[in-house]
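Visitor: The structure under discussion is supplied below as structure tokens; questions concerning it will follow.
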Amino acid sequence: MGPGNGLVLDVSYVLSKMFTNSDSMWGSGSAMDQYNRRLDKGLSGTDVPHRLLFTGLYEIREFKTHRALNLLAGGWQLGVYMNVQSGANFTVYDSANTTNGFPAGTLRPNLAGDPRLSSGSTLQRFFNIAAFAHPPNFQFGNSPRSVLRGPGSNVVDFSVAKVFRVTERFETEFRGSFFNVGNFANFDIPGHTLGNADFGIISSARPARTVQLALRLIF
């Protein structure tokens, strides 16, 4: 976009579903039971069913007949980036090896009930941990891959920039970048290994609002 060309917008929405029978996103990438590959068919670790993207760039025109006004308000570029999407799916693993062998992939527990909570999820209890149990000795668990999905994310970034002419040869560019400007809480997936102390608990999140300011000399 050249100087004074106004507003540029771009909006996209993606609806998708992706299955695999092997995934290194949250595991070893190998099948749990090489003799029964159907146990490992499930949603891909990169599956995102809903994703909305919005980008916008607006350039304020220059006020060539008003030097003071142009210095303060003219020629600024304002940008916004928004990404709203479904959370990442994840697989529940088992810390115990009840097979008495050396499985190729990471072991999973038995699914003994509905892993989703009817009363709603919290950070301390994101899913129904009672729905998972160690399988009997010498057996593989029947819990599928990608059995649950983590919390969704909302990201809005904002930027502002302007080039100031110092002399015919020198210019300076000021730029401010505001990441997660809305300071949304975007939580990571919960602990998902049966037998670990953090099982079912969300204990981390992606960064909060971050501001970066920069001044560049152009010659």
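The values are calculated or read from the model by the stated rules, or taken from the named source; none is laboratory data. The structure presented is a predicted model; accordingly, all values stated were derived computationally and were not measured. FYI the Cβ positions are ideal-geometry reconstructions off the backbone, even for glycines, and counts take in every protein chain you see.
Visitor: Can you find a residue that is out of contact with any Leu (no Cβ under 6 Å at 6 or more places or on another chain), closer than 23 Å to V80 by Cα and among the acidic types (D, E) anywhere in the range 151-163?
Guide: For the range 151-163, residues out of contact with any Leu (no Cβ under 6 Å at 6 or more places or on another chain), closer than 23 Å to V80 by Cα and among the acidic types (D, E): present.
Visitor: Additional query: For the range 116-123, indicate whether the set of residues that are outside any strand (DSSP E or B) and either farther than 24 Å from S204 by Cβ or among the acidic types (D, E) (or both) is non-empty. First the steps, then the outcome.
Guide: Looking only at the range 116-123, we keep the residues that are outside any strand (DSSP E or B), and these are 116-123.
Of the ones still in play, those that are also either farther than 24 Å from S204 by Cβ or among the acidic types (D, E) (or both) are 118.
Scanning the range 116-123 turns up at least one residue that is outside any strand (DSSP E or B) and either farther than 24 Å from S204 by Cβ or among the acidic types (D, E) (or both).
Visitor: So how many residues does the range 198-219 have that are of a type in the set (A, V, I, L, M, F, W, C) and in a loop (DSSP other than H, G, I, E, B)?
Guide: 4
Visitor: Any idea how many residues of the range 132-159 are loosely packed, with under 14 Cβ neighbours inside 10 Å and in contact with a strand residue (DSSP E or B) (Cβ under 6 Å, 6 or more places away or on another chain)?
Guide: Initially, the range 132-159 is screened for residues loosely packed, with under 14 Cβ neighbours inside 10 Å, giving 136-139, 142.
Cutting the leftovers down to in contact with a strand residue (DSSP E or B) (Cβ under 6 Å, 6 or more places away or on another chain) gives us 142.
Final tally of qualifying residues: 1.
Every residue, every condition in (1) at positive phi; (2) under 16 Å from the mean Cα position of the chain (by Cα); (3) assigned to a loop (DSSP other than H, G, I, E, B), yes or no:
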| site | (1), (2), (3) |
| --- | --- |
| Q139 | no, no, yes |
| S143 | no, no, yes |
| V156 | no, yes, no |
| S159 | no, no, no |
| R169 | no, no, yes |
| F174 | no, no, no |
| S177 | no, no, no |
| A185 | no, yes, yes |
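Visitor: Next question, about the same structure. Out of R145, R175, I need the residue that is modelled with pLDDT of 90 or more and among the basic types (K, R). Which one?
Guide: Working: R145 fails: modelled with pLDDT of 90 or more.
Only one candidate passes the filter, namely R175.
Visitor: Restricting to the range 61-99, name every residue that is surrounded by fewer than 16 Cβ atoms within 10 Å (Cβ to Cβ), modelled with pLDDT under 80, assigned to a loop (DSSP other than H, G, I, E, B) and not charged (D, E, K, R).
Guide: Matches in the range 61-99: F63, T65, H66.
Visitor: Out of (1) within 19 Å of N89 (Cβ to Cβ); (2) loosely packed, with under 13 Cβ neighbours inside 10 Å, the odd one out for F126 is which?
Guide: Failing condition for F126: (2).
Visitor: Can you pull out every residue in the range 189-202 that is more than 15 Å from N128 (Cβ to Cβ) and either in contact (Cβ under 8 Å) with a residue 60 or more places away in the chain or surrounded by 16 or more Cβ atoms within 10 Å (Cβ to Cβ) (or both)? Lay out the reasoning, then the answer.
Guide: Residues of the range 189-202 more than 15 Å from N128 (Cβ to Cβ): 189, 193, 195-198.
Once the filter is applied, which keeps residues that are more than 15 Å from N128 (Cβ to Cβ) and either in contact (Cβ under 8 Å) with a residue 60 or more places away in the chain or surrounded by 16 or more Cβ atoms within 10 Å (Cβ to Cβ) (or both), the range 189-202 yields I189, T193, G195, N196.
Visitor: Contact list please: Cβ distance under 9 Å, first residue in the range 30-42 and more than 12 Å from F140 (Cβ to Cβ), second residue of a type in the set (D, E) and surrounded by 12 or more Cβ atoms within 10 Å (Cβ to Cβ), pairs at least six apart or on different chains.
Guide: S30/D40; G42/D23
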